[in-house]
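Following: one structure in C-alpha coordinates, then a few remarks.
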Amino acid sequence: MSKKPPKETADVYDIRLKNSNTDSALIFVLERTREFGGHCGWISVVSPLGLYGHHFGNTGPDPFKRFLLNRDDNYLRGRLFGAENRVFDCEATLAALKARILRARRARDISEMEATDFQLHLNKIQAERHTRADAFKRALSNRVGRLWEEFELGECLITQPNPNAQRFWEKVWPQFTAKLRAELKEQGKCAA
(Lines give C-alpha, C1' and ligand atoms only; values in the text may rest on other atoms or scores of the structure.)
Protein backbone atom coordinates (compact mmCIF):
# COMPACT_ATOMS: atom_id res chain seq x y z
CA MET A 1 0.00 0.00 0.00
CA SER A 2 1.49 3.31 -1.06
CA LYS A 3 1.70 6.14 1.39
CA LYS A 4 -0.33 9.23 0.52
CA PRO A 5 1.67 12.44 0.26
CA PRO A 6 0.80 15.04 2.91
CA LYS A 7 -1.97 17.45 2.00
CA GLU A 8 -0.64 20.84 0.98
CA THR A 9 -2.35 24.15 1.51
CA ALA A 10 -1.81 27.28 -0.52
CA ASP A 11 -1.56 30.66 1.14
CA VAL A 12 -4.34 32.93 -0.03
CA TYR A 13 -3.92 36.68 -0.34
CA ASP A 14 -7.11 38.69 -0.64
CA ILE A 15 -6.22 41.97 -2.33
CA ARG A 16 -8.93 44.63 -2.42
CA LEU A 17 -8.30 48.21 -3.31
CA LYS A 18 -10.49 50.93 -1.88
CA ASN A 19 -13.32 52.22 -4.06
CA SER A 20 -12.83 49.61 -6.76
CA ASN A 21 -14.66 46.45 -7.75
CA THR A 22 -12.23 45.53 -10.53
CA ASP A 23 -8.89 46.21 -8.82
CA SER A 24 -9.03 43.15 -6.62
CA ALA A 25 -7.79 39.59 -6.64
CA LEU A 26 -7.43 36.36 -4.78
CA ILE A 27 -3.84 35.23 -5.17
CA PHE A 28 -2.95 31.66 -4.27
CA VAL A 29 0.68 30.81 -3.52
CA LEU A 30 2.00 27.31 -2.89
CA GLU A 31 5.69 26.88 -2.21
CA ARG A 32 7.57 23.67 -1.82
CA THR A 33 11.11 22.54 -1.12
CA ARG A 34 12.28 20.27 -3.91
CA GLU A 35 13.31 16.72 -3.09
CA PHE A 36 16.80 17.24 -4.53
CA GLY A 37 17.37 20.75 -3.18
CA GLY A 38 16.13 24.17 -4.12
CA HIS A 39 12.59 25.38 -4.18
CA CYS A 40 9.62 25.62 -6.50
CA GLY A 41 6.21 27.22 -6.38
CA TRP A 42 2.86 27.94 -7.96
CA ILE A 43 1.00 31.21 -8.18
CA SER A 44 -2.60 31.53 -9.34
CA VAL A 45 -4.59 34.74 -9.64
CA VAL A 46 -8.37 34.97 -9.75
CA SER A 47 -9.46 38.52 -10.48
CA PRO A 48 -12.05 40.53 -12.40
CA LEU A 49 -9.00 41.55 -14.44
CA GLY A 50 -8.34 37.97 -15.54
CA LEU A 51 -7.22 34.51 -14.52
CA TYR A 52 -3.46 34.07 -14.48
CA GLY A 53 -1.02 31.55 -13.14
CA HIS A 54 2.35 29.90 -13.49
CA HIS A 55 4.43 27.09 -12.02
CA PHE A 56 8.05 27.96 -11.33
CA GLY A 57 9.80 24.61 -11.34
CA ASN A 58 13.06 25.73 -9.80
CA THR A 59 13.53 28.98 -7.91
CA GLY A 60 17.03 28.01 -6.85
CA PRO A 61 18.05 28.60 -3.24
CA ASP A 62 15.34 31.22 -2.66
CA PRO A 63 12.03 30.13 -1.15
CA PHE A 64 9.25 30.88 -3.62
CA LYS A 65 7.83 33.99 -1.96
CA ARG A 66 11.26 35.61 -1.76
CA PHE A 67 11.85 34.57 -5.37
CA LEU A 68 8.69 36.48 -6.41
CA LEU A 69 9.92 39.62 -4.65
CA ASN A 70 13.43 39.52 -6.13
CA ARG A 71 12.56 39.02 -9.81
CA ASP A 72 12.50 41.57 -12.58
CA ASP A 73 8.99 42.81 -13.38
CA ASN A 74 9.26 41.95 -17.08
CA TYR A 75 10.28 38.38 -16.27
CA LEU A 76 7.37 37.87 -13.88
CA ARG A 77 4.83 39.54 -16.18
CA GLY A 78 5.92 37.31 -19.06
CA ARG A 79 5.59 34.19 -16.95
CA LEU A 80 2.36 35.14 -15.20
CA PHE A 81 0.43 36.53 -18.16
CA GLY A 82 2.15 34.63 -20.97
CA ALA A 83 0.44 35.25 -24.31
CA GLU A 84 -2.17 37.40 -22.55
CA ASN A 85 0.44 40.06 -21.77
CA ARG A 86 -0.36 41.62 -25.15
CA VAL A 87 -3.65 41.71 -27.05
CA PHE A 88 -4.58 42.14 -30.69
CA ASP A 89 -5.23 45.75 -31.80
CA CYS A 90 -7.72 45.57 -34.67
CA GLU A 91 -7.83 49.31 -35.40
CA ALA A 92 -4.05 49.69 -35.58
CA THR A 93 -3.79 46.54 -37.71
CA LEU A 94 -6.40 47.83 -40.15
CA ALA A 95 -4.60 51.17 -40.40
CA ALA A 96 -1.31 49.36 -41.11
CA LEU A 97 -2.96 47.19 -43.77
CA LYS A 98 -4.56 50.19 -45.47
CA ALA A 99 -1.20 51.99 -45.50
CA ARG A 100 0.49 48.93 -46.95
CA ILE A 101 -2.10 48.63 -49.74
CA LEU A 102 -1.70 52.34 -50.49
CA ARG A 103 2.09 51.91 -50.78
CA ALA A 104 1.59 48.88 -53.03
CA ARG A 105 -0.76 50.88 -55.25
CA ARG A 106 1.66 53.83 -55.47
CA ALA A 107 4.45 51.43 -56.39
CA ARG A 108 2.10 49.96 -59.01
CA ASP A 109 2.39 46.50 -57.43
CA ILE A 110 -1.39 46.20 -57.54
CA SER A 111 -4.02 47.71 -59.81
CA GLU A 112 -6.44 50.45 -58.82
CA MET A 113 -9.29 47.94 -58.95
CA GLU A 114 -7.42 45.51 -56.65
CA ALA A 115 -6.68 48.31 -54.18
CA THR A 116 -10.32 49.44 -54.19
CA ASP A 117 -11.54 45.88 -53.77
CA PHE A 118 -9.13 45.32 -50.90
CA GLN A 119 -10.24 48.56 -49.18
CA LEU A 120 -13.89 47.46 -49.42
CA HIS A 121 -13.04 44.14 -47.80
CA LEU A 122 -11.08 45.89 -45.06
CA ASN A 123 -14.06 48.16 -44.37
CA LYS A 124 -16.31 45.09 -44.01
CA ILE A 125 -13.79 43.45 -41.68
CA GLN A 126 -13.55 46.67 -39.68
CA ALA A 127 -17.33 46.63 -39.17
CA GLU A 128 -17.01 43.12 -37.68
CA ARG A 129 -14.81 44.51 -34.86
CA HIS A 130 -12.54 41.51 -34.34
CA THR A 131 -10.89 41.24 -30.94
CA ARG A 132 -8.77 38.16 -31.62
CA ALA A 133 -5.93 37.95 -34.12
CA ASP A 134 -6.85 34.45 -35.27
CA ALA A 135 -10.44 35.45 -36.14
CA PHE A 136 -9.17 38.57 -37.91
CA LYS A 137 -6.64 36.58 -39.98
CA ARG A 138 -9.29 34.03 -40.91
CA ALA A 139 -11.73 36.76 -42.01
CA LEU A 140 -9.02 38.53 -44.00
CA SER A 141 -7.79 35.34 -45.63
CA ASN A 142 -11.33 34.29 -46.56
CA ARG A 143 -12.06 37.65 -48.17
CA VAL A 144 -8.76 38.45 -49.89
CA GLY A 145 -6.77 35.21 -49.92
CA ARG A 146 -4.56 35.99 -52.92
CA LEU A 147 -3.55 39.43 -51.67
CA TRP A 148 -3.11 38.02 -48.18
CA GLU A 149 -0.46 35.61 -49.43
CA GLU A 150 1.09 37.90 -52.03
CA PHE A 151 1.79 40.78 -49.65
CA GLU A 152 2.41 38.72 -46.49
CA LEU A 153 -0.17 40.82 -44.71
CA GLY A 154 0.02 38.63 -41.62
CA GLU A 155 3.14 40.57 -40.70
CA CYS A 156 0.94 43.64 -40.22
CA LEU A 157 -0.81 42.24 -37.14
CA ILE A 158 -0.33 44.72 -34.31
CA THR A 159 -0.66 44.08 -30.59
CA GLN A 160 -0.79 46.37 -27.60
CA PRO A 161 -0.25 45.79 -23.88
CA ASN A 162 -3.22 44.00 -22.35
CA PRO A 163 -5.02 46.75 -20.40
CA ASN A 164 -6.27 44.28 -17.77
CA ALA A 165 -2.82 42.77 -17.24
CA GLN A 166 -1.32 46.26 -17.07
CA ARG A 167 -3.94 47.42 -14.57
CA PHE A 168 -3.37 44.29 -12.45
CA TRP A 169 0.37 44.87 -12.48
CA GLU A 170 0.09 48.57 -11.58
CA LYS A 171 -2.69 48.35 -8.98
CA VAL A 172 -2.95 44.85 -7.50
CA TRP A 173 0.61 43.47 -7.71
CA PRO A 174 2.15 46.21 -5.48
CA GLN A 175 -0.44 45.46 -2.78
CA PHE A 176 0.35 41.75 -3.02
CA THR A 177 4.12 42.27 -2.78
CA ALA A 178 3.62 44.61 0.20
CA LYS A 179 1.77 41.79 1.98
CA LEU A 180 4.53 39.33 1.07
CA ARG A 181 7.23 41.67 2.37
CA ALA A 182 5.37 42.21 5.64
CA GLU A 183 4.89 38.45 6.05
CA LEU A 184 8.55 37.67 5.38
CA LYS A 185 9.70 40.48 7.66
CA GLU A 186 7.54 39.08 10.45
CA GLN A 187 9.13 35.66 9.85
CA GLY A 188 12.62 37.20 9.80
CA LYS A 189 13.14 36.32 6.13
CA CYS A 190 12.79 39.78 4.60
CA ALA A 191 13.58 40.13 0.93
CA ALA A 192 15.04 43.10 -0.85
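The values are calculated or read from the model by the stated rules, or taken from the named source; none is laboratory data. In this text the structure is predicted, and so the values were computed from the model without any measurement. As a convention, Cβ positions derive from the backbone with ideal geometry for all residues, glycine included, and neighbour counts pool all protein chains shown.
Observations on the structure shown:
- Number of the condition not met by Arg105 [criteria: (1) over 25 Å from Ala135 (Cα atoms); (2) assigned by TED's automatic domain parsing to the domain that holds Ala133; (3) surrounded by fewer than 17 Cβ atoms within 10 Å (Cβ to Cβ)]: (3)
- Single condition Arg77 does not satisfy, out of (1) in contact with a Ser or Thr (Cβ under 6 Å, 6 or more places away or on another chain); (2) within 30 Å of Leu157 (Cβ to Cβ): (1)
- Odd one out for Leu102 among (1) at pLDDT 80 or above; (2) under 28 Å from Thr22 (Cβ atoms): (2)
- Only listed residue being at pLDDT below 90, at negative phi, surrounded by 14 or more Cβ atoms within 10 Å (Cβ to Cβ) and out of contact with any helix residue (DSSP H, G or I) (no Cβ under 6 Å at 6 or more places or on another chain), chosen from Thr33, Thr59, Thr22, Thr9: Thr22
- Being over 28 Å from Gly38 (Cα atoms), acidic (Asp, Glu) and more than 26 Å from the chain's Cα centre (by Cα) is not true of Glu91.
- Filter pass, Arg79 being farther than 27 Å from Ala139 by Cα, touching a helix residue (DSSP H, G or I) at 6+ places or on another chain (Cβ under 8 Å), modelled with pLDDT of 90 or more and not aliphatic (A, V, I, L, M): no
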